[in-house]
Amino acid sequence: MEPHYSGPLLTLAAAEALLAARDARAGSWTGSLDLQRSHGDAVLETDAWQWRGQHYPYPQRLKDRTIYYWDGTGFASVSRFSASLIKLVPSEWGAPTFEIDGIKMLPTAKESPFEDARRKVALIEPHGKVVLDTCGGLGYFAACCVEAGVARVHSFEKNADVLWLRTLNPWSPDPAVPAIGSRLQLVHADVSQAIAQIADASVDALLHDPPRFGIAGELYSQAFYGQLARVLRRGGRLFHYTGSPNKLTSGRDVPREVEKRLEKAGFKAQLALDGVLATRR
């Protein structure tokens, strides 16, 4: 895994505040340059500004709904295009979401995506447990598990570009930090295949946050749910995010379909939050 970035992150709002302070001839600006994780001072000079001992040029022509990082020559957007366009997107809460081809992957309308993750993680009561996190994404589930005192969280993410986003997101857990890395094992792999190598009844709890059904149908299959049941000990809890797809347009009730398949796989399941909470029978 690449090391985590430690330079400044700019949004349109932060850049405008920086420029306004310069234009007002202020000698410094106090604000956040890491998406509200912390606040500090930037020293303002006429042609450049200084933060944590480094000089940077004033940003030009930044776009809304975009996060920028210093790539060594200029401020570049935190986005990549390989098979799809993957982009880190700011939120009003500080913790960002991300998009794949314009589809937002984490909810931000009512609360921080990090706080949303914290509520879902609480459902499986991770303290002291070994947890399987099937689709790591930006790592908010894993970070909340570590925060809650998990013994070990095994996290899988198959998309290399999403793993790159994590290295630029200060809200994503950094395995290089000893207090995190001692409990978080992050693996670049497709869990639909890698799960076959996980021993029977070897995890105490599960977090399953797959992409929507149309993108990753294999992660909603009866065969995959059978594998989840196999690796989870009896009495272990699973939270499965489904979202709330519009039944009128999709013609499907995905949460109820998931609930029924999990029951068939050996779980006792019920709808909870925007997904399904299940217990291994």
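Give the residue, chosen from Leu262, Leu273, Leu277, that is modelled with pLDDT of 95 or more and within 22 Å of the chain's Cα centre (by Cα). Matching residue, one of Leu262, Leu273, Leu277: Leu277. With the requirement that a residue be closer than 23 Å to Ala160 by Cβ and of a type outside the set (A, V, I, L, M, F, W, C), what does segment 1-35 give you? Of everything in segment 1-35, those that are closer than 23 Å to Ala160 by Cβ and of a type outside the set (A, V, I, L, M, F, W, C) turn out to be Glu2, Pro3, His4, Tyr5, Ser6, Gly7. Here Glu45, Glu2, Glu92 are screened, and the one residue that is of a type in the set (Asp, Glu), free of Cβ contacts under 8 Å to residues at least 40 places away in the same chain and under 30 Å from Leu186 (Cα atoms) is Glu92.
As an exercise: evaluate Pro107 against (1) within 23 Å of Leu206 (Cβ to Cβ); (2) touching a Leu at 6+ places or on another chain (Cβ under 6 Å); (3) modelled with pLDDT under 95 and give the number of the one condition it does not meet. That leaves (2) as the condition not met. I need the full set of residues from segment 93-116 which are within 14 Å of Arg212 (Cβ to Cβ), within 12 Å of the chain's Cα centre (by Cα) and assigned to a loop (DSSP other than H, G, I, E, B), in order please. Scanning segment 93-116 gives Met105, Leu106, Pro107. Count of segment 18-61 residues, restricted to those that are open to solvent by 30 Å² or more (accessible area, probe 1.4 Å), of a type in the set (A, V, I, L, M) and in a loop (DSSP other than H, G, I, E, B), is 2.
For segment 127-145, the set of residues classified as under 23 Å from Ser6 (Cβ atoms) and out of contact with any Leu (no Cβ under 6 Å at 6 or more places or on another chain) consists of Gly136, Gly137, Leu138, Gly139, Tyr140, Ala143, Cys144, listed by residue number.
The values are calculated or read from the model by the stated rules, or taken from the named source; none is laboratory data. As the structure is a prediction and not an experimental result, all values here were calculated from the model. Backbone-built Cβ (ideal geometry, glycine too); neighbour counts: all protein chains shown. Accessible surface is based on the protein model in full, side chains and every heavy atom, while ligands, DNA and RNA are left aside. Shrake-Rupley method; radii C 1.70, N 1.55, O 1.52, S 1.80 Å.
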